[in-house]
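Notes to accompany the following structure.
The values are calculated or read from the model by the stated rules, or taken from the named source; none is laboratory data. Keep in mind that what you see is a predicted model, and the values were worked out from it rather than measured. Don't worry about glycine lacking a Cβ; one is built from the backbone with ideal geometry, like all the others, and counts go over all protein chains shown.
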């Protein structure tokens with residue numbers, strides 16, 4: 001039965017022996033010897049020919065490669081065993097031939113193991129790994145720039161293909177460039193021969209030649225004479241900058257359409273390649289008048305030379321052009337200075353214009369015309385180009401400049417034809433000798449102002465968020481006490497008691513207030529999230545039925561998913577809240593019905609670079625687009641929609657926290673949300689969530705899980721609990737609540753006091769329940785101190801929001817549980833019961 005490649009791979013070196021044994025049955029020993037001798041002879045001849053400079057089929061190095069393959073095949077045949085046995089079986093002539101090569105070379109079997117390596121390779125690789133030389137892949141391991149090349153070479157060797165790559169080998173401060181060539185060996189045993197050729201000097205020579213070429217081209221461009229070249233048909237293929245400046249033309253425009261010299265000469269001109277004795281390259285000079293872009297004649301002398309072409313095609317021409325213009329040298333210098341200034345003026349990246357005494361434009365450069373519009377003409381009134389409300393400030397700046405006052409600050413102006421574009425205008429006085437002139441400098445500041453507005457909006461939202469978060473945190477402490485004491489009262493009253501219903505009403509309204517504070521925390525990005533990796537396709541599928549009920553029959557719901565949608569890591573409940581809030585807003589914007597479309601798509605890093613969102617970092621995102629066909633949002637309101645309590649609805653129809661909640665959740669998740677709206681056509685929200693790529697921080701964050709509240713009937717227990725809470729009302733309620741459930745409670749109003757209580761307490765402490773945010777020493781810092789006093793003590797953190805205390809102060813290996821405020825008596829008792837039972 002024939003062996004498969006996998007069988008041979010499993011058999012190791014013995015697989016070669018087995019192959020050799022089968023070969024013995026088919027070939028006689030003399031036949032095998034003649035094959036080996038023939039391969040060796042062919043290898044030596046080919047290598048010798050290449051060494052002497054002979055090239056086969058126009059491919060340098062091909063003969064050496066063929067020779068090496070033949071020699072290596074003989075070596076591989078001999079090295080089918082391992083160790084000293086293999087070396088003894090290898091043909092001496094073949095191994096000697098490889099050993100004598102000046103370039104590093106080695107032979108591998110079909111599994112990639114090195115069977116033979118010459119001295120040059122040993123010196124390069126640093127010796128042996130055990131009794132074998134290390135392959136080139138090992139030399140490149142750990143180098144990002146060589147990993148792909150190493151993989152492709154190894155893959156080619158395994159699959160029996162030829163390949164070559166340029167790689168860098170050596171220490172970082174002394175690396176050299178090698179061309180690694182791998183060639184497969186035919187036969188049952190497989191294998192490959194590897195050759196490393198030092199290309200460092202050759203590459204340096206090529207780079208030096210390139211630099212020399214660029215310098216030469218620069219010399220020609222800036223030479224004090226004109227230069228041009230033509231092709232066989234007489235069309236211009238090159239013109240240097242000097243000649244182009246004389247003519248006042250852009251050289252690329254002439255060379256692109258192969259302009260003939262006759263088109264640039266006034267009068268008749270002989271053919272460039274004609275004249276002189278036959279066969280001579282140098283031709284007599286030509287005195288002609290070139291025609292400038294302004295129509296003026298430029299007398300020049302053309303020194304030309306013929307360059308023969310292949311076949312029977314006409315020769316090409318290279319020519320030097322000398323300016324024969326007569327006149328005063330000072331006049332030429334002034335003209336050159338004028339030309340330099342004209343180039344500077346027209347090519348300046350900012351808009352520059354001069355105005356006369358009446359404020360009319362006398363001259364303007366390209367940047368100025370491009371900014372204010374192509375319709376501007378000489379004699380146009382400067383202020384007529386601007387919005388009416390911006391004109392008085394410009395008139396004042398011009399008047400101040402005429403009076404010699406220096407304007408340090410720019411004036412923000414808007415164009416009458418395009419009010420969305422913002423420019424910064426400077427006015428400056430220039431003495432011309434015939435009177436004072438006014439120069440206007442205009443800079444397009446539209447993008448800068450947009451960035452400033454976005455940054456200011458971001459700062460405002462952050463400030464409002466901090467205020468909302470602080471208010472929500474304080475409210476959560478108050479609500480925790482209210483809800484908790486309501487639970488204590490309800491525990492002492494029967495359902496038929498007249499006061500029972502009143503207490504229930506108090507608790508229900510406190511819970512409504514708690515929902516309001518949760519929305520404030522969502523906006524301020526300080527709520528507790530439980531992110532998990534999920535597919536938006538699955539998440540929206542679960543939400544589709546609920547959305548259909550919310551939208552009613554008047555609104556059509558359409559969900560379109562992108563292909564191979566990436567995963568995201570978000571709190572699913574909060575993401576659903578975002579979609580629901582946007583859907584409800586869309587429904588209210590379509591009272592007569594319409595269509596709500598939810599689209600998802602991947603956004604590559606290249607796509608993110610093309611987006612006009614400077615504050616959003618470039619990277620990979622997953623897009624959720626929620627668009628409606630409603631009434632739209634007025635442009636003046638679009639920048640306010642994410643502010644808390646901002647609403648255009650009736651007070652009975654909304655609190656103004658729906659979109660601010662969306663903004664807070666998306667920002668806390670690490671994403672971005674951008675609104676787009678057109679009156680009468682609808683509104684679209686585009687949400688960009690970071691595409692999920694697992695990191696070490698994700699694994700560490702899994703420890704911070706919110707304590708689940710089990711459905712248990714018996715919430716009593718035994719043990720000693722250290723309760724740390726700076727709010728007196730919350731601490732009093734929690735102590736009474738836990739005391740009524742059978743626990744002994746030690747109270748502390750701060751982290752420092754808690755440490756003193758632990759040191760003074762002689763008995764056992766089973767659990768710590770602590771607030772997160774406290775003055776002086778917060779909860780996580782206290783937890784670090786407790787590790788030395790109470791090793792392994794379980795901790796439940798309680799807080800209105802977690803802030804950054806966990807990330808900044810808690811050890812990564814610290815295990816803890818979390819209970820968000822406000823909480824009820826039952827939720828507190830259930831969380832404590834769960835942790836105590838788990839001990």
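Yes/no per residue for (1) surrounded by 16 or more Cβ atoms within 10 Å (Cβ to Cβ); (2) touching a strand residue (DSSP E or B) at 6+ places or on another chain (Cβ under 7 Å); (3) outside the structural domain of residue 237 (by the TED database); (4) at pLDDT below 85:
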site: 271; (1), (2), (3), (4): no, no, no, yes
site: 280; (1), (2), (3), (4): no, no, no, yes
site: 290; (1), (2), (3), (4): yes, yes, no, no
site: 299; (1), (2), (3), (4): no, yes, no, no
site: 314; (1), (2), (3), (4): yes, no, no, yes
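For region 149-167, how many residues meet the condition of being assigned to a strand (DSSP E or B) and either outside the structural domain of residue 198 (by the TED database) or more than 14 Å from residue 195 (Cα to Cα) (or both)? Can you show your working first?
So the first thing to find is which residues in region 149-167 are assigned to a strand (DSSP E or B), and the list is 163-167.
Still in the list and also either outside the structural domain of residue 198 (by the TED database) or more than 14 Å from residue 195 (Cα to Cα) (or both): none.
Residues flagged as assigned to a strand (DSSP E or B) and either outside the structural domain of residue 198 (by the TED database) or more than 14 Å from residue 195 (Cα to Cα) (or both) within region 149-167 amount to 0.
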(message) All but one of (1) in a helix (DSSP H, G or I); (2) at pLDDT below 80; (3) in contact with a strand residue (DSSP E or B) (Cβ under 8 Å, 6 or more places away or on another chain) hold for residue 341; state the number of the condition that does not hold.
(response) (3)
(request) Keeping to region 405-426, report how many residues are under 15 Å from residue 394 (Cβ atoms) and modelled with pLDDT under 80. (result) 3
(request) Answer yes or no as to whether residue 790 is crowded, with 17+ Cβ neighbours inside 10 Å, outside the structural domain of residue 507 (by the TED database), at pLDDT 85 or above and out of contact with any strand residue (DSSP E or B) (no Cβ under 7 Å at 6 or more places or on another chain). (result) yes
(message) Going residue by residue through region 214-229, is there one that turns out to be under 18 Å from residue 104 (Cα atoms) and in contact (Cβ under 8 Å) with a residue 24 or more places away in the chain?
(response) no
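Please determine, by comparing only the residues of region 385-402 that are closer than 23 Å to residue 345 by Cβ and part of a helix (DSSP H, G or I), which one is nearest to the chain's Cα centre (by Cα).
Start the filter on region 385-402 by keeping residues that are closer than 23 Å to residue 345 by Cβ, which leaves 385-386, 394, 397-398, 401-402.
In the following step, the residues that additionally are part of a helix (DSSP H, G or I) were identified as 385, 394, 397-398, 401-402.
Numbers: 385: 40, 394: 42, 397: 44, 398: 46, 401: 47, 402: 50 Å.
My answer is 385.
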(request) Those residues that are within 17 Å of residue 443 (Cβ to Cβ) and more than 38 Å from the chain's Cα centre (by Cα), I need them from region 342-354; list them, please. (result) 353, 354
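I need a count of the residues in region 427-447 that are modelled with pLDDT of 70 or more and outside any loop (DSSP other than H, G, I, E, B). Can you show your working first?
Initially, region 427-447 is screened for residues modelled with pLDDT of 70 or more, giving 427-430, 437-447.
Remaining after also requiring outside any loop (DSSP other than H, G, I, E, B): 427-430, 437-444, 446-447.
Residues meeting the conditions: 14.
For a quick check of your reading: which strands (runs of 3 or more DSSP E) sit entirely within region 496-595 and have at least 2 residues that are out of contact with any helix residue (DSSP H, G or I) (no Cβ under 8 Å at 6 or more places or on another chain) and modelled with pLDDT of 90 or more? Reasoning before the result, please.
Working: elements: 532-534, 555-560, 568-570.
By residue number, 555-560.
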